[in-house]
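One structure below.
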Amino acid sequence: MDQATINKYMSELLYAQQGELDAVLMYNKLAEVVKDEKDAQTFRQLAKEEGGHAQVFHKYTLQVLKPKKTKAIAVPLMYKCFGKKFLYPIIANQEYAAAKKYIALVKVFEDVESVMNDETRHGDTVKALLK
């Protein structure tokens, strides 16, 4: 991959990397507050996978980013206030939205396809926790 191509997509790559890092922190914090241990285990696993996704983007950006705490604060609070039936569909939809955003990147960065597929699976996984 040449640097000119990477530079052309740098803002999208950085945005994706930041989103993945934010998701790591969010899922780990959510795992601390959910009532169901299965949910907690699922969120810890998703956090781990999101960390791997951040590394995919880091490979291109070479930037060290720090996770933003906004979602890590807001999402557990939403869980406590509104419960999982309200929150989990929102999280699932965010995962699906991330997958859609990655479609354009997949055309240039082939290894982003696995990240995109994981995001769709994450959405399905979170939705399945409601059953």
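Would you pick out the residues in segment 97-111 that are assigned to a helix (DSSP H, G or I) and either in contact (Cβ under 8 Å) with a residue 24 or more places away in the chain or open to solvent by less than 60 Å² (accessible area, probe 1.4 Å) (or both)?
Listed by number, the residues that qualify are A97, A98, A99, K101, Y102, A104, L105, V106.
Exactly one condition in (1) open to solvent by 40 Å² or more (accessible area, probe 1.4 Å); (2) at positive phi is false for G83; which is it?
Just one mismatch for G83, condition (1).
Every residue in segment 54-75 that is among the polar types (S, T, N, Q), open to solvent by 30 Å² or more (accessible area, probe 1.4 Å) and in contact (Cβ under 8 Å) with a residue 12 or more places away in the chain, please.
Across segment 54-75, the qualifying residues are Q63, T70.
Starting from segment 112-131, take each residue that is open to solvent by less than 30 Å² (accessible area, probe 1.4 Å) and list its partners that are acidic (D, E) and part of a loop (DSSP other than H, G, I, E, B), counting only C-beta distances under 8 angstrom and pairs at least six apart or across chains.
Close Cβ pairs (under 8 Å, with a partner that is acidic (D, E) and part of a loop (DSSP other than H, G, I, E, B)) amount to L129/D36.
The values are calculated or read from the model by the stated rules, or taken from the named source; none is laboratory data. Computed from a predicted model, the values in this text were never measured in an experiment. Ideal geometry is used to build each Cβ from the backbone, glycine not excepted, and the neighbour counts take in all protein chains shown. Surface areas here come from the heavy atoms of the whole protein model, side chains and all, with no ligands, DNA or RNA. Shrake-Rupley method; radii C 1.70, N 1.55, O 1.52, S 1.80 Å.
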